[in-house]
């Protein structure tokens, strides 16, 4: 008698678990999208969501791509402005602080190779000063500052600039 109860109880428990599992595995259909409306992006951490900053980023990209070197060839083949990030900056010995930064990545173009070393340094310094000046018009607290990265089309980093070097040596690896 006890054995029958145990077997019957086990069978009913297995049937209940199978029924419960089958119900739990059914996909739940997503809610219908509102007609005529575009849904906001689900993951915005890699996007510039502020419309003013997005417009400023597009202006920076267009301005950078219009820069020309010797012979009218473009200095930069690609310009990317990424979403603002918190960057940890050294602040004294053993102390660090976070600063909001706007990463700007410029890939060198055909006009870059024709420039002398001093001209390349001057172009990079001009670019950084322009980025800084344009970001100063964007009023946020704490202020947003640029981080400028210059790279070759092969991905070799020529410069990663948070502050201009007072000695004028902002590029490396392009000698």
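The values are calculated or read from the model by the stated rules, or taken from the named source; none is laboratory data. Since this is a predicted model, take the numbers as computed values, not measurements. Reconstructed Cβ throughout: ideal geometry from the backbone, glycine too, with neighbour counts over all protein chains shown.
Miscellaneous remarks
- Residue 41 being out of contact with any helix residue (DSSP H, G or I) (no Cβ under 8 Å at 6 or more places or on another chain) and modelled with pLDDT of 75 or more: no
- Qualifying residue in region 123-136 (condition: in contact with a strand residue (DSSP E or B) (Cβ under 9 Å, 6 or more places away or on another chain) and part of a loop (DSSP other than H, G, I, E, B)): no
- Hits in region 68-90 - residues which are closer than 18 Å to residue 135 by Cβ, more than 12 Å from the chain's Cα centre (by Cα) and either at pLDDT 90 or above or in a helix (DSSP H, G or I) (or both): 79
- Test: residue in region 151-166 that is on the phi > 0 side of the Ramachandran plot and in a loop (DSSP other than H, G, I, E, B): yes
- Among (1) more than 21 Å from residue 172 (Cα to Cα); (2) surrounded by fewer than 17 Cβ atoms within 10 Å (Cβ to Cβ); (3) in contact with a strand residue (DSSP E or B) (Cβ under 7 Å, 6 or more places away or on another chain), the one test that residue 77 misses: (1)
- Lone qualifier among 137, 149 - being at pLDDT 85 or above, under 20 Å from residue 60 (Cα atoms) and loosely packed, with under 12 Cβ neighbours inside 10 Å: 137
- Single residue of region 91-113 satisfying the filter (modelled with pLDDT under 90 and not in a strand (DSSP E or B)) that is nearest to residue 51 (Cα to Cα): 91
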